[in-house]
Amino acid sequence: MADALKRVFQQAKEKKRPVFVAFVTSGYPDPEETVDILLGLEAGGADIIEFGIPFTDPLADGPVIQESNNEALKHKIDIDQSLSFISQARARGLKAPVLFMGYYNPMLIYGEEKLVENCKKIGVNGFIVVDLPPEESDHLRKLCTQHGLSYVPLIAPSTTETRIQHLSRISDSFIYIVSRLGTTGFRDEVDKKLPELVGRVRKYTNIPLAVGFGVSTKEHFQIVASHADGVVIGSKIVHVLKSAEKGKRAESVKAYASEVCGLSSGHKYEVDNMNVKVDQNIQNDCVKTDVMTADKNVPYILSPRFGEFGGQYVPEALFDCIIELEKAFVEAKNDPNFWKEYQSYYDYMGRESKLQFADRLTDAIRADKSTDPMNGARIWLKREDLNHTGSHKINNAIGQVLLAKRIGKTRIIAETGAGQHGVATATVCAKFGLKCVVYMGSKDAKRQALNVFRMQLLGATVVPVDSGSQTLKDAINEAMRDWVTNVQNTHYLVGSAIGPHPFPIMVREFQSVIGKEAREQMLKKAGKLPDLVIACVGGGSNAIGTFAPFVDDKDIKIVGVEAGGDGIDTERHSATLSAGKPGVLHGTRTYLLQNDKGQINDTHSISAGLDYPGVGPEHSWLKDTGRVEYVAVTDKEALIGFKMMSQLEGIIPALETSHAIYHAIQLARKMRKDQDILLCVSGRGDKDVDSVKEALPKYGLQVGPDS
């Protein structure tokens, strides 16, 4: 099956013409016309067809292909339906090799072995997986080799010389060269640096090279063909389909394909896959399925995984950047001068944060009739809400911006849900004189309008994200797209313990100041360590920072509290660890809220900061090992926690923290009076007052002296 791809390039070379690789999204714009569209592309001159498997979160794609994914998903297009389209097209005479192209999670959930076997049976020739670099694809590549299918690697302008050599070695049919940094989409001109990029790859291989990203016209096609063996067109074809009249879409793409590649409209597929002999000199001598794995030939300094979780599932354009980031982080971590500089900002940050005994809250728990007279544990508050900017986020923001300056980045981007991380990022960028762009879901921007204004006041550009659920997940998608586009001068200041390695470890390192301080403070104020440590969990940064210094104390119970929304027996919640299953999103393998097709579910929480369908990979590992217990608290219960902390301690907490407050109260009622609970108050609740005011009547709750 991979041989069919080689034969296409071989015959095109003999005829002294380029290979035309055409992309179309499965099931778009209408499933009824998909098979006709495939046949129309071939008739118009397409030699190879990339068949896009739709995904809810195509983070490396531009608006055109994003929209096609969304429309296809409305038609419930999945891998089985995509296989059916190819089967029907083969039955009707489609001869062109077909590559499934898309994102890893739907393929992972489908089952890699089942996928490869079914693809071979139906007539799919291989895969291009945008967020599955060779280091993470060992199992899939071995299956492809076993069944004769192709795994096509990508090379980007940011790919280093060393990595180009590695990627060249594993190619078994051709290499896809991404001609420019950024997301998919057609452009006005071909990147002028294309000849240089192709030349860099040619130094290490004579395997065929196909170039894509930005090609849309006949002139573009000819320019790219003068440098490469193949030309890839995707977004323009999808745009043609969108603009075409229903029932005439196949003819429209046939006409476009014929015009752009210069073949007649009566073109017949010319490759005889059985009779064309492959030039063995156009095959790498050292192709091996085990050249690159997560454990071999990769310059990892720290382990990228927590058990089965973690990893680096990123587009090729970002891979060398995160390797560089890991190196800078390790050097900084081991450099006393770095920590001296970091700690020099403690006065600015408001560290160390206070540890406060919640005496009135503790008394109220003990006085409650539902509490056994012998019970009522003491609750201690780690006051991260007193930090500069009003939350724990400043700990990580200062650390990462110091790293960004070390590696010469001049522009900072960030995602934010509740706005606290966005405010912290905007704050440190103002302090250090760096450009700052913050992505925020439109829904979140409305419910956190105060924080949006704070970010703008600090000089940041706030970009509302209208795609998807318009919440944190979608803000991360847009931040990743920005990063892919501007990786050379931009650092993505990830706000939670999520994302590809080394971000989960970095964020934990900078946030562990919470737990380290709390240990010393508990020994000083309570005379002992806590019996239980508790924190809210969305992505999980405040929680992992609080938990990490206590994980090895096996006699201390640790509890993470997720957003239960309307209840985890409904579809309206964000309780990833309580109700999710493992998958891959935003560069990491972790628990996700997803359907049985690997598509990411919409989530809900009254708290914008917990409204996320994933979680940090270390939390997934802590769950599976049983070291940490994770529970869910509903919106109503969080509001009760919010009220009790406000009215008994005079502390208006963030809605995120309120989830942990409620559960801490329930646990305290079951624990002895001589036991202690350490609760991380991750942020203050000024930002949430409007949301709380709107939500209280819904649940029959009131405020005031008699409430």
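We did not get these values from a lab; they are worked out from the coordinates using the rules stated. Only a predicted model underlies this, so the values are computations on that prediction, with no experimental measurement involved. Here the Cβ is made from the backbone with ideal geometry for all residues, glycine too, and neighbour counts use every protein chain on show.
A few points about this structure:
- Spatial separation of Cα centroids for segment 522-546 and segment 1-35, in angstrom: 56
- Taking other C-beta atoms within 10 Å as the exposure proxy, Asp188, Asp57 rank Asp188, Asp57 from fewest upward.
- Lys670 sits among other residues whose Cβ lies under 13 Å from its own Cβ, and their net charge, with Lys and Arg +1 and Asp and Glu -1, is +2.
- Mean projected area in nm² (Cα convex hull; one quarter of hull surface) for segment 331-442: 10.4
- Exceeding the 18 Å Cα-Cα cut-off - candidates Lys354/Lys524; Lys393/Lys431; Lys76/Lys248; Lys636/Lys693; Lys670/Lys698: Lys76/Lys248; Lys670/Lys698
- Exposure proxy shown here: for Lys218, Lys242, Lys597, the number of other Cβ atoms within 10 Å sets the order, fewest to most, as Lys218, Lys242, Lys597.
- Restriction of the trypsin sites (Lys or Arg not before Pro) in segment 500-565 to DSSP coil positions whose beta-carbon has at most 12 other beta-carbons within 10 angstrom yields Lys528, Lys554.
- Nonlocal amide H pairs with Ser353, under 5 Å, H built at 1.01 Å: none
- Distance between segment 80-150 and segment 345-401 - C-alpha centres, whole angstrom: 51
- Neighbours of Lys687, meaning other residues whose beta-carbon lies under 15 angstrom from its beta-carbon, give a summed charge of -2 when Lys and Arg score +1 and Asp and Glu score -1.
- The helix-based estimate of mean residue ellipticity at 222 nm for the chain, built from -39,500 (n - 2.57) per DSSP H run of four or more residues and divided by its residue count, is -12500 deg cm²/dmol to the nearest 500.
- Label-to-label distance, nm, for residues given as Glu308 and His147 (7 Å Cα→Cβ offset): 2.0
- Candidate values (i) -0.82, -1.21; (ii) -0.36, -1.34; (iii) -0.37, -1.07 were compared with log10 I(q)/I(0) by the Debye sum over Cα atoms at q = 0.06, 0.11 Å⁻¹ computed on the shown model; the agreeing label is (iii).
- Exposure proxy ranking for Tyr204, Tyr256, based on other Cβ atoms within 10 angstrom of each Cβ and starting from the fewest, stands as Tyr204, Tyr256.
- All other residues whose Cβ lies under 11 angstrom from that of Gly247 are scored, Lys and Arg at +1 and Asp and Glu at -1, for a net of -3.
- Normalised contact order of the chain, rounded percent, pairs of Cα under 8 Å and 6 or more residues apart: 13
- Qualifying aspartates and glutamates (Cα of each under 16 Å from Cα of Lys242; at least 8 residues distant if same chain): Asp30, Glu32, Glu33, Asp36, Glu67, Glu71, Glu251
- Alpha-carbon centroids, segment 459-504 and segment 680-696: separation in whole Å: 24
- Multiplying the residue separation of Lys431 and Asp363 by 0.36 nm and subtracting their alpha-carbon distance yields 20.3 nm.
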